[in-house]
Amino acid sequence: EVQLLESGGGLVQRGGSLRLSCAASGFTFSSYAMSWVRQAPGKGLEWVSAISGSGGSTYYADSVKGRFTISRDNSKNTMYLQMNSLRGEDTAVYYCAKEGGAVAGVYYYYMDVWGKGTTVTVSS
Amino acid sequence: QSALTQPRSVSGSPGQSVTISCTGTSSDVGAYNYVSWYQQHPGKAPKLLIYDVSKRPSGVPDRFSGSKSGNTASLTISGLQAEDEADYYCCSYAGSYTYVFGTGTKVTVL
């Protein structure tokens, strides 16, 4: 069974740091790009960051660029999100998601597997 | 990277059809046929319903269908059922391996 399990959320002060992890199982982790998506309390989904299967390419939303760093360790089937200089508006449930990937030369731009999420609360 | 615009809420009686619109720009929805839709029940993770504008993953009922015209994509739920009451989000590829989500629509089954 394909599964994603996030961890590392918690309460942190404004300006602080936190590292989230996403452990994957049930698929060839290194073959798929992965994303982080967050959802502030009572709000909609917001794409945060993505990383290629090899880890060599990373992408960020403008709202987190320069503060967050995405990475992965394919030997551990785990993706990470290092969050620095945290702000109140970063308070959210953070989901990791597997992207559709490339099949027969065609890339599929969607997220087909999601974790249950981990909650980050930034206090003032 | 402005959020795509969706109606805040739509409602319908069991058996009826409802359509949710998702309006973007020529840089996202209008530029790519990579619109996906997600269903989210309260307290749960999103679930993929539609990808590439109109394709359904295995296991998604054919009551769910998608389309696109210009900068606006749409999700139609036909034969509305009680379990369809949830939040729905569109998402578009926006180039350079980035994505933009819609503002979300709450579907209420009357």
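Every test in (1) surrounded by fewer than 16 Cβ atoms within 10 Å (Cβ to Cβ); (2) part of a strand (DSSP E or B); (3) among the charged types (D, E, K, R) is passed by A:GLU46 save one, and that test is (1).
Scanning region B:80-97 for residues that are at pLDDT 95 or above and open to solvent by 20 Å² or more (accessible area, probe 1.4 Å) yields B:GLN81, B:ALA82, B:GLU83, B:GLU85, B:ASP87, B:ALA94.
The residue that is farthest from B:TYR89 (Cα to Cα), among those in region B:29-79 that are open to solvent by 30 Å² or more (accessible area, probe 1.4 Å) and touching a helix residue (DSSP H, G or I) at 6+ places or on another chain (Cβ under 9 Å), is B:ARG63. For region B:98-109, a residue qualifies if it is more than 9 Å from chain A (Cβ to nearest Cβ), open to solvent by 10 Å² or more (accessible area, probe 1.4 Å) and hydroxyl-bearing (Ser, Thr, Tyr), and exactly one does: B:THR108. Out of all the residues in region A:46-56, is one or more more than 10 Å from the chain's Cα centre (by Cα) and of a type in the set (Val, Ile, Thr)? Within region A:46-56, none of the residues are more than 10 Å from the chain's Cα centre (by Cα) and of a type in the set (Val, Ile, Thr).
Just checking, how many residues over region B:8-28 are part of a loop (DSSP other than H, G, I, E, B) and surrounded by fewer than 18 Cβ atoms within 10 Å (Cβ to Cβ)?
Let us first name the residues in region B:8-28 that are part of a loop (DSSP other than H, G, I, E, B), namely B:8, B:13-17, B:24-28.
If we keep only those that are surrounded by fewer than 18 Cβ atoms within 10 Å (Cβ to Cβ) too, we end up with B:8, B:13-17, B:25-27.
Here the count works out to 9.
Taken over region A:77-109, the residue count meeting the criterion of being of a type in the set (Ser, Thr, Tyr), part of a strand (DSSP E or B) and either open to solvent by less than 10 Å² (accessible area, probe 1.4 Å) or modelled with pLDDT of 95 or more (or both) is 4.
If you go through region B:29-72 one residue at a time, how many are outside any loop (DSSP other than H, G, I, E, B) and not small (Gly, Ala, Ser)?
To start, the set of residues in region B:29-72 that are outside any loop (DSSP other than H, G, I, E, B) comprises B:35-40, B:47-51, B:55, B:64-69, B:72.
Then drop every residue that is not not small (Gly, Ala, Ser), which leaves B:35, B:37-40, B:47-51, B:55, B:64, B:68, B:72.
Adding up the residues that qualify gives 14.
The values are calculated or read from the model by the stated rules, or taken from the named source; none is laboratory data. What you see is a predicted model, and the numbers here were worked out from it, not measured in a lab. Ideal geometry is used to build each Cβ from the backbone, glycine not excepted, and the neighbour counts take in all protein chains shown. Heads up: the accessible areas ignore ligands, DNA and RNA and are worked out on the full protein's heavy atoms, side chains in. Shrake-Rupley method; radii C 1.70, N 1.55, O 1.52, S 1.80 Å.
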